[in-house]
Amino acid sequence: MRAALVRLRRGTGLPVAFGGLTAGVERAAGQVRIAELSGASTGALRGLGIVAGNGLGGKALSLARACAVTDYQGSRHISHEYDAAVAAEGLHSVLAVPVVVRRRVRGVLYAALRTARPLGDRALDAAMAAARDVEQALVVRDEVQSLLAVTRAPATGDIGAWEEVREAHGALRALAPKLVDPGLRGELLAVCGKLAVAAEPVRPAEAPVTLTPREVDVLACVAAGATNAGAGERLGLRPETVKGYLRSAMRKLGTHTRGEAVVAARRAGILP
């Protein structure tokens, strides 16, 4: 959200941007809480709970489309529950764009001027592009959380359950580079590491093998049955690049085939 607001201000040329997402019980109540501000001179907007139907953002929430006003306090097209906060920040022209994921509104982005003048198509296009960035990030985050739920380690003897975990592990490795949030990315990779050693702990007598993150990503795709082209599509790499990572991993693992490399990586605690 923070990065999207910075891009929004840069793309629109508007001095103030702010926004928030639905969360927890607020999601069911159709409420967005303003959590991020960019370019604001006061904290008046921070923490506002925007209810569907109320104010400009609430209108965007309820209609699931972009809405704008030239003079916020004087507009007859919105209700005025948030006038005090908007006035404290000195805003007049305001644009609100909903963040919609799988037909559900998950947040609102705002861009605003401290003067009363119409906001043109350039501002609208930039605001919608910023909202799409947030939407895509939320799709990835939702998928990560769903996969993490699958990866709660089953009993070691449950082969079928471990196959599900291995598939989820490969999907998580492929998603990690797409995550903007470094904290979530680090947490995801830490879970991947725990899954790898939980399935088959490293044997003390064996020398440790160190693979690069991309070599592990490629091996995870290979373990799931992907071809070089399939792994490349999943990881955003060319098939030739995938082949290079695979050759390097096989050399480090002392193996000669893709299947042997997967087995060796599991024995070394690199893959689950």
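Of H169, H80, H256, H92, how do they rank once you tally other Cβ atoms within 10 Å and put the fewest first?
H256, H80, H92, H169
With each pseudo-label sitting 7 Å past Cα toward Cβ, what's the E233-A35 distance in nm, one decimal?
Distance between label points: 3.5 nm.
Testing the spin-label approximation: label points 7 Å from Cα along Cα→Cβ at S62 and L189. State their distance in nm.
Between S62 and L189, the simple spin-label model gives 4.6 nm.
Under the rule of -39500 (n - 2.57) per DSSP H run of 4 or more residues, summed and divided by the residues of the chain, what mean residue ellipticity at 222 nm is obtained, to the nearest 500 deg cm²/dmol?
When only DSSP H runs of four or more count, the value is -16000 deg cm²/dmol.
Pick from A88, A176, A224: which is most flexible by mean-square fluctuation in a GNM of the chain where alpha carbon atoms under 10 Å apart are linked?
A88
Based on other C-beta atoms within 10 Å, arrange K59, K194 from fewest to most.
Taking fewest neighbouring Cβ atoms as first place, the list is K194, K59.
I want the local charge near S248. Using Cβ-Cβ distances under 12 Å, sum +1 for each Lys or Arg and -1 for each Asp or Glu among the other residues.
Value of the local net charge: +4.
Return the long-range amide H neighbours of V100 (sequence gap of 5 or more, or a different chain), with a cut-off of under 5 Å between placed amide H atoms.
Result for V100 returns R106.
Report the percentage of all Cα-Cα pairs in region 214-272 whose separation exceeds 16 Å, rounded to a whole percent.
Percentage above 16 Å: 31.
Could you pull out the GluC sites (Glu not before Pro) across region 25-133 that fall in loop regions by DSSP (anything but H, G, I, E, B) with no more than 16 other Cβ atoms inside 10 Å?
Loop-located and lightly packed - E81.
Compute the angle between helix 121-150 and the longest alpha-carbon principal axis of the chain, please, reported from 0 to 90 degrees and rounded to the nearest 10.
40
Pairwise over distinct Cα atoms, reciprocal of the mean inverse distance: report the Kirkwood radius of the chain in Å, one decimal place.
After inverting the pairwise mean of 1/r, the radius is 21.1 Å.
Compute the distance in nm between two label points, each set 7 Å from the Cα along the Cα-to-Cβ direction, one at D83 and one at D142.
With each label placed 7 Å out from Cα toward Cβ, I get 3.7 nm.
Can you tell me the relative contact order of region 2-133? Whole percent, Cα pairs under 8 Å, sequence separation 6 or more.
28
Stretched out fully, how many nm does the piece from R46 to R122 gain, at 0.36 nm a residue minus the Cα gap?
This chain segment gains 24.7 nm when fully extended.
For the chain, take the longest principal axis of its alpha carbons; what is the angle in degrees between that and the long axis of helix 159-175, to the nearest 10 within 0 to 90?
50
Amide H to amide H, which residues 5 or more places from L21 or on other chains are under 5 Å from it, using H placed in the peptide plane?
Long-range HN contacts for L21: R33, A35.
Angle, helix 239-253 long axis vs. longest principal axis of the chain, Cα atoms, 0 to 90°, nearest 10?
Roughly 50 degrees between the two axes.
Could you work out which residue, out of A226, A60, A127, moves most in a Gaussian network model of the chain, that is, has the largest mean-square fluctuation with Cα springs under 10 Å?
Judging by the Gaussian network model, the answer is A226.
A short reminder: the numbers here are calculations on the coordinates, not readings from a lab. Everything numeric here is computed off the predicted structure, so don't read it as measured data. Note that each Cβ is placed from the backbone with ideal geometry, even for glycine, and that neighbours are counted across all protein chains shown.
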